[in-house]
Amino acid sequence: MTTSVSAEGGLTGQEVAARIAAGQVNESDRRGGRSFSQVLRANVLTRFNAILGSLLVVVIFVGPPQDGLFGVVLVVNTVIGTAQELRAKRTLDRLAVLTAPTAHGVRDGASVELAANAVVLDDLLELRPGDQVVVDGLVIASDGLEIDESLLSGEAIPVVKLHDDEVRSGSFVVSGAGRIRAIRVGGNAFAQKLQGDARRFSLVRSELQQGTNAILRMVTWVMIPAGLLLVTSQVLRSGESVEEALRASVAGVGAMVPEGLVLLTTVAFALGAIRLARRRVLVQELAAIEGLARVDVLCIDKTGTLTEPGMKVGTIETLGDASVEEALGAIVGNDPSPNATIQALADLPVPAGWTVEVRIPFSSARRWSAVQFAGRGTWVIGAPEVVAAHGHLPVALSTRIETFATRGDRVLLVARSPEPVHGEVLPDALEPAGFVVLEEQIRADATTTIGYLISQGVEIKILSGDDPRTVASVAERVGIPASATPFDARELPEDPTRLAQVVEVSSIFGRVQPHQKKAIVSALQASGHVVGMTGDGVNDVPALKQADLGLAMGSGSQATHAVGRLVLLDSSFATVPSILDEGRRVIANIERVANLFVTKTVYAAILAVVVGISAIPFPFYPRHLTIVSTLTIGVPGFFLALASGSPRARPGFVWCVLAFTIPAGVVAAAVTLSTYLVARGPAHATTAQARTAATLSLVAIGLAVLVLAARPLNAARAILVGSMAGGAVLIFTVSLSRRIFTLEWPPSAAVLSTIGIVLVAIPVLWILVNAGTRLERRRRPPMSEGSES
């Protein structure tokens, strides 16, 4: 390693202070989430808030205050949504600090650990394997330094960096070590953009988000013509006063607005992120919560996921060369940036008199490392099949190595040669000197976690750099079924079509190169799978980025933290089932909430069209629909958005919602109109009494819809429905509430007809909704067979 003498000590404290004062710090204006004002605007300035706000202004001028009660609901919903998003933002920002990139700096001649935003211009930084480069820098020292620039260029092949080469932020150290001088920091470098994108608090594109937006677009297109028809009919043809007509129009138009749908979708995601944070899972993108619930193939590494992250030496066998253990101790003791393999040998004593002349650090692409010692030749340690390709491996030794590999141990061949190392090419005539057996310990929770995922319809594929037989042995021990013979990735086809055929039938892959992990994920996606990927090392970064859902281990490198959508801070694979359950909870709850809100839109639009054409007075005042919305949609919708349970994750969110809401909305509209017209006609009720009968029938049918949406009923949901029914009884029986809401009890004939219509409608509602749901399920089968709870 050649190092600039003037740069050995780094900046002094005075020089750092001068650069901070000049603003030459690795900071920018980019933020990891929306500011308070952005959150407030996002929750207040919505199209439906604008519509309801305009309707509220009309009510203030033409009607009594109780007709404006929907304005209170509007404000409360907005406050709740803002508060929950801010709460989630604070939680995620606090956790994000734990995984934020750091740098190893040199200041005043001493090594210091620096936060990424504390690095200043001209800082001297040390680079080690797995480090994320946080600034743009110039290499002033290189010891086999290799940089992965795949996040910048898309090229997964590591780039060797020599003296005076430039290293850009956003890249990662694959192997070797080095020092750089920061030449661009803050907004001028790539690092801030990468870090900001990783921590952004946002609802990224997802099926739930896209489906909700599609539903809102439909609602807008239906609402405009239906609303215009209703307003024109009420004002010009209903025969009521202008004030009465405007109040009725407000009720009809306002009822079509699913004002809480977006709010409760956001709340469900935000609270899901908070619940996962309590389990030490950092959600870097909110829609990632939904992601795992839709994953049907999960690609995992063996080491660190199924096995404990470290290894221990099982045995060292020599071929009569007593210096093997000394050589291993010298290799370990002279490695400034040991990887996991070298760290497993850390307990070996470091001998004296072994002087390093040339060192080639380990690389996952080469799968070997080499050290040339003065007067002692070149010693190589690496995968047996790679090292043995440059020499002769006796049959007895090969058999012995295969015995250990078959039982799941990792075997490293140690060889020596009198010839020097030339670049990255192993010397010829390598002579095997012995081998090291490294044992891996199966994680205590691995078998249980794998069994749960398989029972939920998630297919597991292991992508490992180890011997396929070793991988297969570990897979068998944790219960992963081998659907085909373990596959050696060196034989994988390059053609994407043929590769897709191989990865579809095989589940265990060994000797996988980093670029092959990404290719396997892409092949699975091309076959229609939703793919998740776990990883902790730099070699996992391209695949994590490519996967539909990347899960980074907290003990892994900064590289994986930057690209993973979820970070398992405790590096526990056992956390994955809780993420799966949380995703299913969010999907199921948002679908339930959407069923309630869109059902209201459907029946409100039908009522608006029918009333607009027939020119009869609208069946409700705004205050009446406030009762209906509060008891059958608003309050229960909020609780259902937070409910527990992990039902099956199904594709086709929009179709699922429409299959429920169209029949439910049609039945609700038919019941309301029938009750209203019978009360006004044969029952001889006044308009106020007829409106009370319509309100009563719509509350009753709304509660029936609530029961269907809340299925399967458990104790908590049954109590919720019962509480809403009890609230309805109080509103219709207490004289004060009847005066506030203008509820005039209709004649007995109207009451009996209302009860009869509702009793007939409930089984019809049940039959039609179940039929619509069954048709939709046959059209799109479930993605996973989870429990309905």
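Select from the range 742-784 the residues that are modelled with pLDDT under 85 and open to solvent by less than 30 Å² (accessible area, probe 1.4 Å) and write down the one among them that is farthest from residue 682 (Cα to Cα).
Only one residue fits best here, namely 784.
Against the definition (in a strand (DSSP E or B) and among the β-branched types (Val, Ile, Thr)), how does residue 386 come out, yes or no?
Considered against the rule, which asks whether it is in a strand (DSSP E or B) and among the β-branched types (Val, Ile, Thr), residue 386 comes out as no.
So how many residues does the range 358-378 have that are farther than 16 Å from residue 425 by Cα and either part of a strand (DSSP E or B) or in contact with a Lys or Arg (Cβ under 9 Å, 6 or more places away or on another chain) (or both)?
Of the residues in the range 358-378, the ones farther than 16 Å from residue 425 by Cα are 373-376.
In the following step, the residues that additionally are either part of a strand (DSSP E or B) or in contact with a Lys or Arg (Cβ under 9 Å, 6 or more places away or on another chain) (or both) were identified as 373, 376.
Summing the residues that are farther than 16 Å from residue 425 by Cα and either part of a strand (DSSP E or B) or in contact with a Lys or Arg (Cβ under 9 Å, 6 or more places away or on another chain) (or both) in the range 358-378 gives 2.
Write out, first by first residue and then by second, each pair whose Cβ atoms fall under 8 Å of each other, whose residues are 6+ apart or on separate chains, and whose first residue, in the range 161-189, is in contact (Cβ under 8 Å) with a residue 60 or more places away in the chain and open to solvent by 10 Å² or more (accessible area, probe 1.4 Å) while the second is of a type in the set (A, V, I, L, M) and in a helix (DSSP H, G or I).
These pairs meet every condition: 174/538; 179/7; 181/7.
Test of understanding: among 400, 376, which residue is basic (Lys, Arg) and farther than 26 Å from residue 175 by Cβ? Let's see the steps before the verdict.
Details: 376 fails: farther than 26 Å from residue 175 by Cβ.
Selected residue: 400, the only one of 400, 376 that is basic (Lys, Arg) and farther than 26 Å from residue 175 by Cβ.
Just to be sure, is residue 475 open to solvent by 10 Å² or more (accessible area, probe 1.4 Å), part of a helix (DSSP H, G or I) and small (Gly, Ala, Ser)?
no
For the range 394-409, how many residues meet the condition of being out of contact with any Asp or Glu (no Cβ under 8 Å at 6 or more places or on another chain), modelled with pLDDT of 75 or more and not aliphatic (A, V, I, L, M)?
Start the filter on the range 394-409 by keeping residues that are out of contact with any Asp or Glu (no Cβ under 8 Å at 6 or more places or on another chain), which leaves 394-399, 401-404, 406-407.
Remaining after also requiring modelled with pLDDT of 75 or more: 394-399, 401-404.
When the remaining residues are screened for being not aliphatic (A, V, I, L, M), the result is 394, 398-399, 402-404.
Going through the range 394-409 one residue at a time, the tally reaches 6.
Can you tell me which residue among 468, 514 is open to solvent by less than 30 Å² (accessible area, probe 1.4 Å) and out of contact with any helix residue (DSSP H, G or I) (no Cβ under 6 Å at 6 or more places or on another chain)?
468
Restricting attention to the range 378-393, which residues are in contact with a helix residue (DSSP H, G or I) (Cβ under 9 Å, 6 or more places away or on another chain) and either surrounded by fewer than 16 Cβ atoms within 10 Å (Cβ to Cβ) or at pLDDT below 80 (or both)?
Result: 388, 393.
Of the conditions (1) open to solvent by 20 Å² or more (accessible area, probe 1.4 Å); (2) in a helix (DSSP H, G or I); (3) in contact with a Ser or Thr (Cβ under 8 Å, 6 or more places away or on another chain), residue 481 fails just one. Which one is it?
(2)
Starting from residues that are in a helix (DSSP H, G or I), open to solvent by 40 Å² or more (accessible area, probe 1.4 Å) and closer than 25 Å to residue 464 by Cβ, keep the ones in the range 309-356 and report whichever is modelled with the highest pLDDT.
Initial filter on the range 309-356 (in a helix (DSSP H, G or I)): 324-333, 340-344.
Applying the additional criterion that residues be open to solvent by 40 Å² or more (accessible area, probe 1.4 Å) yields 325-326, 333, 340, 343.
Keeping just the survivors that are closer than 25 Å to residue 464 by Cβ gives 340, 343.
Values: 340: 67, 343: 77.
Going through the qualifying residues, I end up with 343.
Within the range 221-244, take every residue that is over 47 Å from the mean Cα position of the chain (by Cα) and open to solvent by less than 60 Å² (accessible area, probe 1.4 Å) and give me the one that is modelled with the lowest pLDDT.
Taking the range 221-244 as the starting set, the residues that turn out to be over 47 Å from the mean Cα position of the chain (by Cα) are 232-244.
Subset that is open to solvent by less than 60 Å² (accessible area, probe 1.4 Å): 233-235, 238, 240-241, 244.
On the way: 233: 73, 234: 68, 235: 68, 238: 59, 240: 64, 241: 64, 244: 68.
Within the range 221-244, the match that is modelled with the lowest pLDDT is 238.
Note down all Cβ pairs under 8 Å where the first residue falls in the range 426-446 and is part of a strand (DSSP E or B) and surrounded by fewer than 22 Cβ atoms within 10 Å (Cβ to Cβ), the second is modelled with pLDDT of 85 or more and among the polar types (S, T, N, Q), and they're at least six residues apart or on different chains.
Partner pairs satisfying both residue conditions: 431/417.
At pLDDT below 65, under 32 Å from the mean Cα position of the chain (by Cα) and closer than 30 Å to residue 660 by Cα: which single residue out of 202, 206 fits that description?
That would be 202, the only listed residue that is at pLDDT below 65, under 32 Å from the mean Cα position of the chain (by Cα) and closer than 30 Å to residue 660 by Cα.
The values are calculated or read from the model by the stated rules, or taken from the named source; none is laboratory data. This structure is a prediction, so every number in the text was calculated from the model and none was measured. With ideal geometry, Cβ positions are generated from the backbone for all residues, glycine too; neighbour counts draw on all protein chains shown. For the accessible areas, the whole protein counts, side chains as well, though only heavy atoms, and no ligand, DNA or RNA atoms are used. Shrake-Rupley method; radii C 1.70, N 1.55, O 1.52, S 1.80 Å.
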